[in-house]
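The values are calculated or read from the model by the stated rules, or taken from the named source; none is laboratory data. Just so you know, these numbers come straight off a predicted model, no measurement behind them. Cβ atoms come from the backbone with ideal geometry, glycine included; neighbour counts cover every protein chain shown.
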Amino acid sequence: MKPFNKYLLITSFLAAPLLSAAQQANVNLDWAPQRNTGQLVPYGGNVISPEVKDDHTITFRVKAPDAQKVELTGGPILLALKSKNNIPFTKNSEGLWTLTVGPVKPDIYVYRLLIDGVAVADPNNTLTGASNQPGYSNVVVHDSKPAYYDAQNVPHGSITRHIYHSKVLNGEREMFVYTPPGYDPEKKYPVLYLLGGSGELASGWTVDGRANFIADNLLAEGKMVPMIIAMPNNQVIHRNDPDHLQKTYKLFEEELRNQIVPFVDAHYSTVKDRKGRAIAGLSMGGRHTQAVGFNAIDLFSSFGILSAGDLEPEKLNPAFFDDPKTREKVDYLLIGLGTGEQDFVGKRSAATHAALERIGVKHDYFIGGDGAHDWGTWRLLLHGKLLPGLFK
């Protein structure tokens, strides 16, 4: 195995920093980061927001004496609250705006504040998300014990951030790679190539997806095969480019074949054949899995299409669907989506499912969870279906 020549070891700060109760806030990775039993205002803040109670209610606060209107917005939190509209705050005489909502089912929810019509991250929330889109905030609604995506007292794998030069895209790129606890370079490991969606960075699956903690916990329970998880940046052209769809598939396939897979095989002890490789992704990453991955069956034998699909899959991947041996070449295939997104990607997922059934490709077709097109759905699919199903 070649030595790492360009890397930065990323420790657990890549996962949204979970705070323990009371005095351990901002110290430990824990499962109830916004319980705020110590009533300590965040460093640099002026109020506590959000405050999550054990009864699963949430109180949001913002000090904005000159504002005329403040509302809670964001698809994931509004879906959890079963609200189709933004929810208004109440202002007191000192200019403090407050809103209490819930109870909300335990999970992690994205939200923003709408202040006089401008959507902003909660200025007092330390769990702020950043990706290839404007910032947002996360609220962690805890349960009575750690969740499947939390850092638990189990052996932990490592995350490495690689910077490499891409001749395909003519620039410096990044990729995050998870190695399981006890990684041994003398052994050979299968590799899952895990892709993000539109507007995501390569770090999305660790920061918001908690992929490393999910894998750690599954491995500790003996529910998945030890594997390497490579999380590259599958943004290869600006998402708002007018020819984005026409350009992205070809460019990403070139990047995958010529840069990403060779890099991982050169730097890690991998199973260097299609039986030891899987590709999966959410939303745009799911479309990449189908449009590019199905065309690269010489590289991959397992696939995960999360919250995605295509209305005419046979036209998108004629070689895949016309080959009578395809059913023998696919080891595992997941099509998964949330119950709250069936109107969004449901028809495309169903069309891909039906096309696979027509040619007899065995696959897992799953619709479940309470989420929609959000990380609540993708964490659930990763934990409940994808990772346990691979490389068996």
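Tabulated data
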read-out	value
Residues within segment 42-69 that are touching a residue at least 12 places away in the same chain (Cβ under 8 Å), assigned to a loop (DSSP other than H, G, I, E, B) and not hydroxyl-bearing (Ser, Thr, Tyr), tallied	16
Residue within segment 364-378 that is over 21 Å from residue 77 (Cα atoms), not assigned by TED's automatic domain parsing to the domain that holds residue 105 and not acidic (Asp, Glu) present	yes
Segment 130-150, residues that are part of a strand (DSSP E or B) and either free of Cβ contacts under 8 Å to residues at least 60 places away in the same chain or surrounded by 20 or more Cβ atoms within 10 Å (Cβ to Cβ) (or both)	134, 135, 136, 137, 138, 139, 140, 141
Failed item in (1) surrounded by fewer than 16 Cβ atoms within 10 Å (Cβ to Cβ); (2) closer than 24 Å to residue 380 by Cβ; (3) touching a strand residue (DSSP E or B) at 6+ places or on another chain (Cβ under 9 Å), with residue 127 passing the rest	(1)
Listing of strands (runs of 3 or more DSSP E) fully contained in segment 290-392 that carry 3 or more residues being of a type outside the set (A, V, I, L, M, F, W, C)	332-338, 364-368
For residue 66: the one exception among (1) among the acidic types (Asp, Glu); (2) under 16 Å from residue 52 (Cα atoms); (3) surrounded by fewer than 17 Cβ atoms within 10 Å (Cβ to Cβ)	(2)
Only listed residue being touching a Lys or Arg at 6+ places or on another chain (Cβ under 8 Å), among the basic types (Lys, Arg) and crowded, with 19+ Cβ neighbours inside 10 Å, chosen from 35, 112, 61	35
